[in-house]
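Participant: Structure provided below as structure tokens; questions to follow.
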Amino acid sequence: MTKALRMATYFVPALLGTVGHALAAPSAEALRGIGIQVANGAKNDTSLSLPIQIAISMTLLSVLPAIITCITPFLRISIVLHFLRQALGTQSTPSNQVLVGLALFLSILIMRPVAEQMYAQGYVPMQEKTMPAEQALEAGARPLKDFLARFARESDIKLFLEMSENRTPKSPNDVDLSVLIPAYILSELKAGFQIGAVIYLPFLVIDLVVASVTLSIGMVQLPPAMISAPFKILLFVLVDGWSLIIGSLVKSFTQ
């Protein structure tokens, strides 16, 4: 198994740190009853049998699309690209598959350093048996918490802390993932709509100008969108719009 594959297989469980806590909670006798073998070495050192590992992996894979969609930059990027296509008025060009693929690979590019930190801090110590599985999951989830806390607004975090009736944390590391994840999603939705509105404005100006001109010369039956579309595409190509927008989106997460 390559390092990249090991990182991928650890990245999903680390996102769901509560799974590791739930697995570590039962007693040794209960764990043996469901196929979890307890090592004879350090206290509370447990290892999962192969069937249990496969079952957990398949369960986590079923929620993988939701994880990628909501807990990575995929959310903001996909919203911005959708607004861009609507502003250009190109209907289904680029296609949904192209936009989703672009957002996915950009998300992988941005999240790679986070995944490497999670792999180094969580998976490697657990494999070398220098850290129990529960502590390894907590250590591996720390880089993810730092990433989510960077982009989650304080007001959104406070909102979900009040809804969950949790105590106010002393530091971002003390905030639970069950609070950080929805706060991050809400913040990314707002950021995506804000960027989309800014992208819409110059194309809206072109639509207004073309509509005014066509009405002034009496071309009432000709749809203004049909005339403005080439001008909007030409403007977007001349300013190298794809590089500007994609570069700005990536820099907004890396800086």
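Please treat every number below as a calculation from the coordinates, not as lab data. If you're wondering where the values come from, they're calculated on a predicted model, not measured in any experiment.
Participant: Sequence neighbours fewer than 8 away in the same chain don't count; with that in mind, list the aspartates and glutamates whose C-alpha is under 20 Å from LYS251.
Facilitator: GLU116, ASP146, GLU188, ASP240
Participant: What does the C-alpha gyration tensor say about the overall shape of the stretch 140-194? Classify as rounded when a/c is under 1.5, otherwise prolate if a/b is larger than b/c, or oblate.
Facilitator: oblate
Participant: Compute the distance from the alpha-carbon center of the stretch 87-121 to that of the stretch 175-215, in whole Å.
Facilitator: Using only Cα atoms, the two centres lie 18 Å from each other.
Participant: Moving to a separate point now. How large is ³J(HN,Hα), in whole Hz, for each residue of the stretch 189-205 in order, when computed from phi with the Karplus curve 6.51 cos²θ - 1.76 cosθ + 1.60 and θ = phi - 60°, using x for Gly and Pro?
Facilitator: So the Karplus estimates, Gly and Pro as x, are 4, 5, 5, x, 5, 5, 5, x, 5, 5, 5, 5, 4, x, 6, 5, 4 Hz.
Participant: The stretch 73-195: D in µm²/s via Stokes-Einstein (Kirkwood Rh, Cα pairs, 10 °C, 1.306 mPa s)?
Facilitator: Estimated via Stokes-Einstein, D reaches 97 µm²/s.
Participant: To two decimal places, what compactness ratio does the stretch 185-237 give when its Cα radius of gyration is scaled by 2.2 N^0.38 Å?
Facilitator: Here the Cα radius of gyration is 1.47 times the empirical estimate.
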